[in-house]
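Values in this text are rule-based calculations from the coordinates and carry no lab data. If you're wondering where the values come from, they're calculated on a predicted model, not measured in any experiment.
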Amino acid sequence: MLVTVSEKGQLVIPARLRRLLGITPGTRLNILPDAGGFRALVDDDRKTRRAADCVGIAGYTGPAVSAQDMDVAKFATKT
């Protein structure tokens, strides 16, 4: 995949590759010299994701629960 470096030294990472790697504005890349060029590694600790990408990451496999049903106040009891 060829990209062009701008006069300011910037390059554009194609959208398809950004989506594949989860690169969004603010994502940090670690640039390392490599034989004949460089490697750009996504800093996973700082990688950002869309909220939609996070659905299901907690591993919950039960039925969908509405936000109303998650209201903890309705389960509170007087002591």
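The alpha carbons of the range 9-48 stretch over 29, 22, 19 Å along the principal axes, in descending order. Largest GNM mean-square fluctuation across Leu17, Leu41, Leu32, computed for the chain with C-alpha springs under 10 Å, falls on Leu32. The relative contact order of the range 9-48, computed from alpha carbon pairs under 8 Å that lie at least 6 residues apart in sequence, is 37 percent.
Normalised by residue number, the volume inside the convex hull of the Cα atoms of the chain is 202 Å³ per residue.
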